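The values are calculated or read from the model by the stated rules, or taken from the named source; none is laboratory data. A quick note: this is a predicted structure, and the numbers were derived from the prediction, not measured. Note that we place each Cβ from the backbone using ideal geometry, even for glycine, and neighbour counts take in every protein chain shown. The protein model used for the area step is the full one, side chains on, heavy atoms only, and it has no ligands, DNA or RNA in it. Shrake-Rupley method; radii C 1.70, N 1.55, O 1.52, S 1.80 Å.
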Amino acid sequence: MVLVMVWLALHVRLPAPGEVRTDIDGLGAWGPLAFIALYAVVALTPIPVTIMAVAGGMLFGPGLGTILAMLGVTAGCLGAYWLARALGRETVLRALGSHRGVIEERLEGGGFYAVCTLRLMPGIPYWPVNYGSGALGIRSREYLLATVLAALPGQVSLIAIGAFLAEPGVPYGALVGVSWLVVIVLTVVSYRRWRVTRRASSAPVEA
């Protein structure tokens, strides 16, 4: 698994958003399903999901693009989670490489707010959170809810960027700004709640 993930990160290159748009647009009615499937596959790997989200905005606009992107990224995140559950803790943690420390620190004994915080933190890709959550025993319901809630504003902002590139205008630019404001607010709230939860779980129990 480690070798496969390293190879994917170093050798697999997604085309530019415009190329993705051309390829998927050429599939006609099958385009949305192909987009969801490709997005899910990308979310399973260390390949950044940014290109897919931007391409979704260019292809489908902010409304449908957000729905399709969320379906794709959620499917991929769930797939990675259950794959990690099957592979086991030590195998997955070795595969996380430089991300292992922060993933273990935040997710060990964590839950909803731990996943939210990592999803929203700048510099933390989706894939180590996906695999780390499965390996470290985050409950599937908490993981799914945190993934949907925390991924949505970031996906909206990337979709809006794609829509803006396809059709520049003030509404799409404003949508980018609002969505990133939501990301900042959710990051602060999730981090604070995670700290409170962490302190409560580590507090000594009185006899």
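Figures for the structure shown
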quantity	calculated
Spans of helices (runs of 4 or more DSSP H) in the stretch 20-102 with at least 3 residues open to solvent by 40 Å² or more (accessible area, probe 1.4 Å) and closer than 24 Å to GLY173 by Cα	50-87
Residue match in the stretch 135-157 (condition: open to solvent by 30 Å² or more (accessible area, probe 1.4 Å), over 24 Å from ARG85 (Cα atoms), at pLDDT below 90 and of a type outside the set (A, V, I, L, M))	no
Check on VAL129, open to solvent by less than 50 Å² (accessible area, probe 1.4 Å) and either at pLDDT 90 or above or touching a Leu at 6+ places or on another chain (Cβ under 6 Å) (or both)	yes
